[in-house]
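Undergrad: Structure provided below as structure tokens; questions to follow.
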Amino acid sequence: MTHVLLVRCAAPLQSWGAASRFSHRDTHSRPTKSAVVGMCAAALGRDRTDAVDDLARLDFGVRADHPGTPVRDYHTVGGGRFPLSPRDIITDHRRAAAVAGSLESAQGEGFGHHPLAGWYGAPKEIRTDPLSGALVSAKLSRTALITERWYLSDAAFIVGLQHTDRALLEEIAHALEHPKRLLWLGRKSCPPSGTLAAGILPGTIAEAFTAKRLLPAVPGPSETSSGPERRPWAWIQTAPGVRGATQTNDQPVSFDPAHRVHATRWERRTRISIAPTATDWDIIP
């Protein structure tokens, strides 16, 4: 017999990167299996180099109770003038030589009051200077970098984790409410709000999704009813080749920073009809 742990993913902001790079950090329209498994591993206190085979074997599904609104965050990084600090001058003799004159003639000013245009204030790419042997920065200047990061605002999802081992699900549920490491919804700037572990139900993910009412919505003019008449979209993991199923590359294999690996899994998109007998939530929003 299978059981399903329901995980509530709700917060003012969340971001589930699918193909992020430094200058463009996207977000998927819903939580990814890789991110949720990583969150569970962090809650259990596992290191990135630890195996996650047991967690990766969980069947995964997500119900979009409130998909949220995409938000773009515009960044500029590294431009402008930056005051030098003692660390900058001590670790880089080239910087020290550049400001030697102003330091000698300074009247009552100390470190931190000698800005240089176009120099990046914090040392980057520290290496040993071949001439002096001192630690220096390989990059003394940087032009401003323009980046953009995408988030989902005021979204609320229910994730289903299905397995035959109820004890494993209970261990994960306890860890999510008493985590050994910090947790976030995709990105470190997106901590979860309220309850994460929302209960364990018998049956399959699809059955669990129909048995619970929609999560309460964040009040706002764009929100519609959260009653049983709404039929939210859900994406449920399935066997390869099932009619209507599509592939997604978020099956975690290893989170080791030196050898991060993901594989392909199959999922099917479907509408969920909330049962008239669906029960409400006992959660902290």
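Undergrad: Under the 0.36 nm per residue contour assumption, what length would be gained going from the current alpha-carbon distance of Ile284 and His174 to full extension?
TA: Additional length available on full extension: 38.1 nm.
Undergrad: Okay, next question. Label Lys188 and Ala19 with points 7 Å out from Cα along Cα→Cβ: what is the distance between them in nm?
TA: 2.6
Undergrad: Which value in nm describes the separation of the simple spin-label points at Ala258 and Arg243, placed 7 Å from the Cα toward the beta carbon?
TA: Here the answer is 4.9 nm between the modelled labels.
Undergrad: Assuming 0.36 nm per residue, please report the length gained on full extension of the stretch Arg269 to Ser132 beyond their Cα-Cα distance.
TA: This chain segment gains 43.1 nm when fully extended.
Undergrad: What distance in nm separates the simple spin-label points at Arg166 and Arg230, each placed 7 Å from Cα in the Cβ direction?
TA: About 3.1 nm separates the two model spin labels.
Undergrad: In a shell of Cβ-Cβ distance under 9 Å around Ile158, excluding Ile158 itself, what net charge do Lys and Arg (+1) and Asp and Glu (-1) give?
TA: Spelling it out: positives minus negatives among the neighbours equals +2.
Undergrad: Can you give the local net charge around Pro70? Use residues other than it whose beta-carbon is closer than 15 angstrom to its beta-carbon, Lys and Arg +1, Asp and Glu -1.
TA: +1
Undergrad: Follow-up question, since we're still on this one. Taking a ≥ b ≥ c as the square roots of the eigenvalues of the Cα gyration tensor of the stretch 3-68, is the shape rounded (a/c under 1.5), prolate (a/b larger than b/c) or oblate?
TA: Oblate is the answer for the stretch 3-68, as a/c is 1.5 or above yet b/c matches or exceeds a/b.
Undergrad: By average Cβ neighbour count within 10 Å, what is the ranking of 13-19, 53-59 from highest down?
TA: 13-19, 53-59
Undergrad: Give me the extension gain from Ile200 to Ala100: residue separation times 0.36 nm, minus the current Cα-Cα distance, reported in nm with one decimal.
TA: This chain segment gains 29.3 nm when fully extended.
Undergrad: Once you sort the root eigenvalues of the Cα gyration tensor of the stretch 235-285 as a ≥ b ≥ c, which label holds: rounded (a/c under 1.5), prolate (a/b larger than b/c) or oblate (the other case)?
TA: Cα axes put the stretch 235-285 in the oblate bin.
FYI, it's all coordinate maths here, none of it is from the lab. What you see is a predicted model, and the numbers here were worked out from it, not measured in a lab. With ideal geometry, Cβ positions are generated from the backbone for all residues, glycine too; neighbour counts draw on all protein chains shown.
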